[in-house]
Amino acid sequence: MSATVAFTVPSARGPQPVTVSYARVGAGEPLLLLHGIGHHRQAWDPVVDILAAERDVIAVDLPGFGASPALPDGLAYDLPTTAAVFGALCETLELDRPHVAGNSLGGLLALELGREKLVRSVTALSPAGFWSEAERRYAFGVLLAMRQISRRMPVPLVERLASTAAGRTALTSTIYARPARRSPEAVVAETLALARATGFDQTLRAGGGIRFTDDVPDIPVTVGWGTRDWLLVRRQGVRAKQTIPGARLVRLPGCGHCPMNDDPALVARVILDGSRDATLGGSRDGSRDRSLDGSR
């Protein structure tokens, strides 16, 4: 079910109104899904039905992306503000410390929500914030190029490209290892979402100085990294494990930066396993870890 919800978030100028668009399906413990910069909640479509068999799944458009309006002028697109937005969202939707899974920017936000103890488990897929400065500049350069190309292409051209496997590869191979698997309709929609994202520029600027350097103790954390992620290279997963020693680090063979499309069954299993750890009291089965140590 697709819906919108409005609430207020504190700021230096007083409470500010925020509206968020989301889709909700399934039953069970709540699971919040957060997408990456320039994407939209439909990035999770390949795994939603699998997850909904065991979870009450809430896939959210981040403020300024997808169908969610931009933040008001009194709110910044920085990490503390965005975490406060999602804390208020959970309170409004009466989600009592949901599980959370995020990809890229959404993975960074998921970890921040975990650090703030607003959620009961975290699954972060190729999360931002564990880069070197050179790696950050490279990723931001690629993202800016993708944004500029998407804004310059007329819709009929996007539709023609998306209608063929070669065209879908040209449009989305930066984030998918298996871009031809994405449907033409999905590729058109996400290309337009990138072009029209009102929060893109401010979010990217806010991310320039971000490093995630804190542990996330006392809750289960899973970090997954695709072996074919060319945007945030997988050695960043090793840094994530060093920063969060208790995290379960999982290799996602054959997956790119947005692994939900490349291997939906694997990604759904990783998310559900991580949330089951919370149900079992935060236990970790180290034998299931698939180390990324030594990756390049």
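The values are calculated or read from the model by the stated rules, or taken from the named source; none is laboratory data. Worth saying up front: this structure is predicted, and the values here are computed from it rather than measured. Note that each Cβ is placed from the backbone with ideal geometry, even for glycine, and that neighbours are counted across all protein chains shown. Just so you know, the surface numbers come from the protein's heavy atoms only, side chains and all, with ligands and any DNA or RNA stripped out. Shrake-Rupley method; radii C 1.70, N 1.55, O 1.52, S 1.80 Å.
List of remarks:
- Odd one out for ASP56, checked against (1) of a type outside the set (S, T, N, Q); (2) touching a Gly at 6+ places or on another chain (Cβ under 6 Å); (3) not in a strand (DSSP E or B): (3)
- Filtering the stretch 49-68 to residues that are among the charged types (D, E, K, R), open to solvent by 60 Å² or more (accessible area, probe 1.4 Å) and closer than 18 Å to ARG276 by Cβ leaves only GLU54.
- Of the residues examined, HIS39 is not one that is open to solvent by less than 20 Å² (accessible area, probe 1.4 Å), of a type outside the set (Val, Ile, Thr) and out of contact with any Asp or Glu (no Cβ under 7 Å at 6 or more places or on another chain).
- Residue match in the stretch 218-225 (condition: among the polar types (S, T, N, Q), open to solvent by less than 50 Å² (accessible area, probe 1.4 Å) and at pLDDT 95 or above): yes
- Qualifying residue in the stretch 69-76 (condition: open to solvent by less than 50 Å² (accessible area, probe 1.4 Å) and outside any loop (DSSP other than H, G, I, E, B)): no
- Residues located in the stretch 186-217, provided they are assigned to a loop (DSSP other than H, G, I, E, B) and touching a Gly at 6+ places or on another chain (Cβ under 9 Å): ALA197, THR198, GLY199, ILE210, ARG211, PHE212, THR213, ASP215, VAL216, PRO217
- Filter result (in a helix (DSSP H, G or I) and either of a type in the set (A, V, I, L, M) or modelled with pLDDT under 95 (or both)) within the stretch 116-158: ALA134, ALA139, VAL142, LEU143, LEU144, ALA145, MET146, ILE149, VAL155, LEU157, VAL158
Residue by residue, here is whether (1) at pLDDT below 95; (2) crowded, with 17+ Cβ neighbours inside 10 Å holds:
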{"residue": "ARG168", "(1), (2)": "no, yes"}
{"residue": "ARG181", "(1), (2)": "yes, no"}
{"residue": "ALA193", "(1), (2)": "no, yes"}
{"residue": "ARG196", "(1), (2)": "no, no"}
{"residue": "ASP229", "(1), (2)": "no, yes"}
{"residue": "GLN242", "(1), (2)": "no, no"}
{"residue": "CYS255", "(1), (2)": "no, yes"}
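- Residue within the stretch 97-104 that is open to solvent by 10 Å² or more (accessible area, probe 1.4 Å) and in contact with a strand residue (DSSP E or B) (Cβ under 9 Å, 6 or more places away or on another chain) present: yes
A quick yes/no check of all residues on (1) over 17 Å from GLU116 (Cβ atoms); (2) part of a loop (DSSP other than H, G, I, E, B):
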{"site": "ILE219", "(1), (2)": "no, yes"}
{"site": "THR222", "(1), (2)": "yes, no"}
{"site": "TRP225", "(1), (2)": "yes, no"}
{"site": "ARG228", "(1), (2)": "yes, yes"}
{"site": "VAL233", "(1), (2)": "yes, yes"}
{"site": "GLY237", "(1), (2)": "yes, no"}
{"site": "GLN242", "(1), (2)": "yes, no"}
{"site": "LEU249", "(1), (2)": "yes, no"}
